Amino acid sequence: MLGLFVRVFRVGQWAHFLFMAAESAVSAKAAEFMAKADTVSALCQPVVAGLGFELWGIEYVAQGQHSVLRVFIDHPEGITVDHCADVSRQLAAVLDVEDPISTAYTLEVSSPGMDRPLFKADHYEQFVGHWANLKLRFPFEGKRRYKGVIQGIEDSAVVLLVDDHELLLPLEQIDKANILPVFED
């Protein structure tokens, strides 16, 4: 599979594009994880919504017997520990019956927090103008980690302003992204 990174330099009304191809071999494990993530998300969505919350995202960290399935929930009025406990009990029951992950894992239910992870294009759109840390699956210009201001989404790519240059980073190439919280004095 071939991923495409685009570097955009905007000067006045003109934009200069530098296209760089990044080879990415999608392993069978990665494809299997993506299928599991979709299955787990499909199982969790109605349970979380039925309890009055938004399913913000799902993270699965495979570490043998210490694997963790993190389910992030959100609500306009915030999330409490009791909310997480309620959702955890309901999800545990559904996941035990459906058994989408055949190995042992720990289920964690959490709010996204101040440094909330970004999973979908809508999340990036919601946080335009905010600082974010992004980690790519494969290096682009010799780096996998970028810190910049989210400018928006263009053609399934995140527009990130880094050192006065706009980078277009394809969503499928982003391994992990988090908002950087800003603390004012």
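The values are calculated or read from the model by the stated rules, or taken from the named source; none is laboratory data. Being a predicted model, the structure only gives us computed values, none of them experimental. Backbone-built Cβ (ideal geometry, glycine too); neighbour counts: all protein chains shown.
It is to be established whether one or more residues within region 6-19 are at pLDDT 85 or above and closer than 24 Å to His123 by Cα. Within region 6-19 (the criterion being at pLDDT 85 or above and closer than 24 Å to His123 by Cα), the answer is no, since none of the residues qualifies.
Whenever a residue of region 134-148 is in contact (Cβ under 8 Å) with a residue 24 or more places away in the chain, its partners that are outside any strand (DSSP E or B), lying with C-beta atoms within less than 6 angstrom and at least six residues away or across chains, give the pairs Leu136/Gln173; Arg137/Gln173; Phe138/Ser24. Among residues of region 38-59 that are more than 17 Å from Ile79 (Cα to Cα), those with a beta-carbon under 7 Å from a residue that is exposed (fewer than 13 other Cβ atoms within 10 Å of the Cβ) at least six positions away or on a different chain give the pairs Leu43/Glu98.
On the given criteria, is Leu118 hydrophobic (A, V, I, L, M, F, W, C) and either under 20 Å from the mean Cα position of the chain (by Cα) or not assigned by TED's automatic domain parsing to the domain that holds Leu51 (or both)? For Leu118, the condition - hydrophobic (A, V, I, L, M, F, W, C) and either under 20 Å from the mean Cα position of the chain (by Cα) or not assigned by TED's automatic domain parsing to the domain that holds Leu51 (or both) - is met.
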